[in-house]
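The values are calculated or read from the model by the stated rules, or taken from the named source; none is laboratory data. Please read all numbers here as calculations on a predicted model, not as lab measurements. Here the Cβ is made from the backbone with ideal geometry for all residues, glycine too, and neighbour counts use every protein chain on show. Just the protein is used for accessible areas: all its heavy atoms, side chains included, with ligands, DNA and RNA removed. Shrake-Rupley method; radii C 1.70, N 1.55, O 1.52, S 1.80 Å.
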Amino acid sequence: MRALVVDPAPFERAAELLTRVIESVLVERGSVRLAIPGGSALEAAVRARSTLGDRWRSVSLTWVDERCVSFADPESNRGTAARSGLFEATASGDPEPGSARSPARVLPLFRDGESPPAAIARVEQALASGFGDALDVVLLGMGADGHVASLFPGRAEVWPGRVVHVADSPKPPSDRISLTRAFLATARHVILVAAGASKREALRRLLAGDEALPAHGLEGLVVVTDLGDIESGGDGNG
């Protein structure tokens with residue numbers, strides 16, 4: 001792990017860090033491949049998008065996971081992202097063609113009515129052809145059990161490839177499409193937000209090097225938390 005950052009306003013701080021690393025990748029490459037979560041950590045992406053302004057159009061955007069529900073469902077990570085202003089979408093949830101407010105590329109992990117095998121085949125091909133088989137920046141949230149994306153403790157290493165269908169998520173809804181840990185690990189910059197007392201035990205396990213946790217060992221990992229009593233397992237406190 002690169003660093004632990006303790007801040008009473010973790011989502012604001014995560015947004016600042018996310019903006020900074022996106023800007024640094026844009027300077028290097030002229031574009032950035034970004035994967036974002038749903039849940040409360042999405043707030044950091046929304047704040048970063050506001051700060052980036054027109055530079056957001058140089059982003060290729062995808063998700064670390066999506067629930068296999070319709071775009072209109074409140075549980076849809078992609079639907080929530082669109083409703084939060086991260087991209088403009090048609091009624092079916094596909095990116096609005098020619099939108100000047102959307103990223104250069106938007107890759108859904110799940111489309112309405114799609115079977116999980118069809119979703120995986122489509123996303124695998126798109127990650128290879130449109131994302132160069134890698135990510136630059138990943139934003140993650142973490143559950144109280146230590147899961148990130150839809151990768152749950154003790155299960156993340158068994159899945160090959162870039163994308164996996166999780167049919168039995170311990171957290172409902174149970175049917176999900178997730179990027180694998182191996183694909184998340186292609187990113188040079190990983191920002192994980194762990195806010196609130198419910199995350200304390202999982203965060204302590206992560207900082208102690210618990211190999212059962214999917215975020216363990218991700219290079220470039222920066223953890224942002226509001227838990228001031230957490231002892232750092234990294235090399236700095238930001």
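Checked against (1) open to solvent by less than 50 Å² (accessible area, probe 1.4 Å); (2) in contact with a strand residue (DSSP E or B) (Cβ under 9 Å, 6 or more places away or on another chain); (3) aliphatic (A, V, I, L, M), residue 128 passes all but a single condition, namely (2). Checked against (1) under 30 Å from residue 203 (Cα atoms); (2) without any contact (Cβ under 8 Å) to a residue 24 or more places away in the chain; (3) polar (S, T, N, Q), residue 90 meets all criteria but (1). Within the stretch 51-87, which residues are of a type outside the set (A, V, I, L, M) and free of Cβ contacts under 8 Å to residues at least 12 places away in the same chain? Selection gives 53, 54, 73, 74, 83.
From the list 111, 78, 83, pick out the single residue that is basic (Lys, Arg) and under 26 Å from residue 188 (Cα atoms).
On the way: 111 fails: under 26 Å from residue 188 (Cα atoms); 83 fails: under 26 Å from residue 188 (Cα atoms).
Only one candidate passes the filter, namely 78.
When you scan the stretch 190-208, how many residues do you find that are open to solvent by 30 Å² or more (accessible area, probe 1.4 Å) and of a type outside the set (Lys, Arg)? The total comes to 4. Taking into account only those residues within the stretch 166-185 that are closer than 27 Å to residue 32 by Cβ and over 13 Å from the mean Cα position of the chain (by Cα), which is surrounded by the fewest Cβ atoms within 10 Å (Cβ to Cβ)? My answer is 182. Among the residues of the stretch 144-177, the one identified as β-branched (Val, Ile, Thr) and either in contact with a Cys (Cβ under 7 Å, 6 or more places away or on another chain) or at positive phi (or both) is 177. Among residues of the stretch 28-42 that are touching a residue at least 12 places away in the same chain (Cβ under 8 Å), those with a beta-carbon under 6 Å from a residue that is in a loop (DSSP other than H, G, I, E, B) at least six positions away or on a different chain give the pairs 32/136; 33/131; 33/135; 33/136; 35/64; 35/135; 37/64. When the stretch 135-161 is filtered for residues that are under 15 Å from residue 109 (Cβ atoms) and surrounded by fewer than 21 Cβ atoms within 10 Å (Cβ to Cβ), the ones remaining, listed by number, are 159, 161.
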